[in-house]
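Chemist: I'd like to ask some things about the structure below.
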Amino acid sequence: MDTFEFLWQGMLVAAQPMNLFYALVGVTLGTAVGVLPGIGPALTVALLLPITFKLDPAGSLIMFAGIYYGGMYGGSTTSILLNTPGESASIVTALEGNKMARAGRGGPALATAAIGSFVAGLIATIALAFIAPFIVKLALVFGPREYFALMVLAFVTVSSAFGDSTLRGLTSLFIGLTLATVGIDQLTGQTRMSFGVPDLLDGIEVTTLAVAMFAIGESLFLAAQGDRGPDKVEAVKGSVWMTAADWKRSWKPWLRGTAIGFPIGAMPAGGAEIGTFLSYATEKRLTKHPEEFGNGAIEGVAGPEAANNASAAGTLVPLLTLGLPTTATAAIMLAGFQQYGLQPGPLLFATNPQLVWGLIASLLIANFMLLILNLPLIGLWVRLLTIPKPWLYAGILLFATLGTIGANPSIYELGMLLAFGVMGYIMRIFGYPIAPVVVGLILGPLAEQQLRRALSISQGDVTVLFTSPIAAGLLLLAATALILPLILRARGKGEVLSHLAASED
């Protein structure tokens, strides 16, 4: 069966009335929450994760995908009208988008962001559908040692990609790996680090950790910032629609942004912010209106926003085919799969093809829904930006708490939610990234299981990890990804010191 037939079957699943309803609810909730200031896609998905718990797996994941895409769309509204990026990938959109809003062109800025996101999401989702089967075929030849090496690469790249310090990223990762050892050992059946507490025998719930670290910890951190001057919401003046000149200047950046963002998002070490910065630099170099850059160039909104959403679809390639989350949002999506006992990877395509292809097809439908929702409802999203911050943070805390209780009604679970939320707040204060903790908790047991299987097959011979060309290559990539940033950082510091010494002379 070829990709077109699989995609058609997925369309039949996604087009069922209840699944269409779940997709509509997902994109609406995702956009509404994503529009709120200071809330990025990762926090949006973590906050709304518990509400999908009682649904069937297909409906839940379709709603989850809608929330994911809706959160990505909603962030552009905040960046343009409030100059408050919800995540690092939206910083570039704020550079030109907010200048356009201040000049009375907030409508065209929001329109090119919405249409560019639609074009990028559509093309990238189709690319996902065609690329994923090839990666699945490659991954099916992996054995325990190859999977362990792949997990090590994921650990290193995630630790290096988040935050300014590789050491802090690795520290966060080891916190997650330590939490992953709590519970019953899968191979021996012995209890580990449960301290005699029955509730810990099943291990730490990934959903609880994700909601606590992202929603609770982020809210406490933002609330602790205080009111450092009111954020001015730029009103949308004039028509929302783009002029013929705006269309002419936007369509090429949409395509270029898609071409830049998707492959970067699909890389195991990819990141949406890399694609957006590259797209912005490309448009600045190719533009026929260089004087407008820095003052509200529409290309500076169209290209990066397309790259951002293409990268969002790209991150689903390693997530669905290999089970590797390369962003914080993807890590929480992985938690969404695992709450139904599903492990993304090559076997998921074989055991649950309807689920996977229904999810991919629902992304296409979600894109159309978001375009229809975003343009007419811009006025409503603007009103959401005026919600007072104390109400906003209190609402997030309340919603996260009620969602966790609904998913797992336990006082002990509520205590862990509070404890992990405080831990997330403390980590944010000291500059430790949150995502590696969640990735460590999710992938830690899988990495341990594959390592112990490989050692059992080889009767304890550690060198078996290096006798496989694929495993050795992946471990070499991991070592390079760990050492290279340290060398470049030390080299950069050395150049700065030599420059300062030369200036003093």
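The values are calculated or read from the model by the stated rules, or taken from the named source; none is laboratory data. Fair warning: this is a prediction, and the values are worked out from it, not measured in the lab. Quick reminder, even Gly has a Cβ in these numbers, built from the backbone with ideal geometry, and neighbours come from all protein chains shown. Quick note on the areas: whole protein, heavy atoms, side chains included, nothing else; ligands and nucleic acids left out. Shrake-Rupley method; radii C 1.70, N 1.55, O 1.52, S 1.80 Å.
Chemist: So if we plug the beta-carbon distance of residue 377 and residue 191 into 1/(1 + (r/R0)^6) with R0 = 51 Å, what FRET efficiency do we get, rounded to 0.05?
Modeler: So, using R0 = 51 Å, E works out to roughly 0.50.
Chemist: Taking the mean number of other Cβ atoms within 10 Å as a proxy for protection, how do you rank 211-220, 190-199 from highest to lowest?
Modeler: Answer by packing, highest mean first, reads 211-220, 190-199.
Chemist: Now, a different point. In the structure displayed, which of 54/137; 99/252; 99/389 lie more than 31 Å apart, Cα to Cα?
Modeler: From the list (54/137; 99/252; 99/389), the Cα-Cα distance tops 31 Å for 54/137.
Chemist: How long is the gain from residue 457 to residue 347 if the chain were fully straight, where each residue apart is worth 0.36 nm and the alpha carbon distance is subtracted?
Modeler: 37.5 nm
Chemist: Distance in nm between label sites at residue 426 and residue 56, each 7 Å beyond Cα in the beta-carbon direction?
Modeler: About 4.5 nm, to one decimal.
Chemist: For an R0 of 30 angstrom, estimate the FRET efficiency from the Cβ-Cβ distance between residue 178 and residue 466 and round to the nearest 0.05.
Modeler: For residue 178 and residue 466, the calculated efficiency is 0.65.
Chemist: A follow-up question, please. Heavy atoms only, probe 1.4 Å: what % of the accessible area of region 1-155 goes to carbon and sulfur, would you let me know?
Modeler: Here it works out to 74 percent.
Chemist: Let me ask you something else. 7 Å from Cα along Cα→Cβ at both residue 354 and residue 103: what's the point-to-point distance in nm?
Modeler: 5.3 nm
Chemist: To the nearest 0.05, what FRET efficiency results for residue 291 and residue 418 with a Förster distance of 60 Å applied to their C-beta separation?
Modeler: Efficiency at R0 = 60 Å is approximately 0.70.
Chemist: Quick one: pull the percent of accessible area on region 405-480 belonging to carbon and sulfur, 1.4 Å probe, ligands and nucleic acids left out.
Modeler: The C+S portion of the solvent-accessible surface of region 405-480 is 72 percent.
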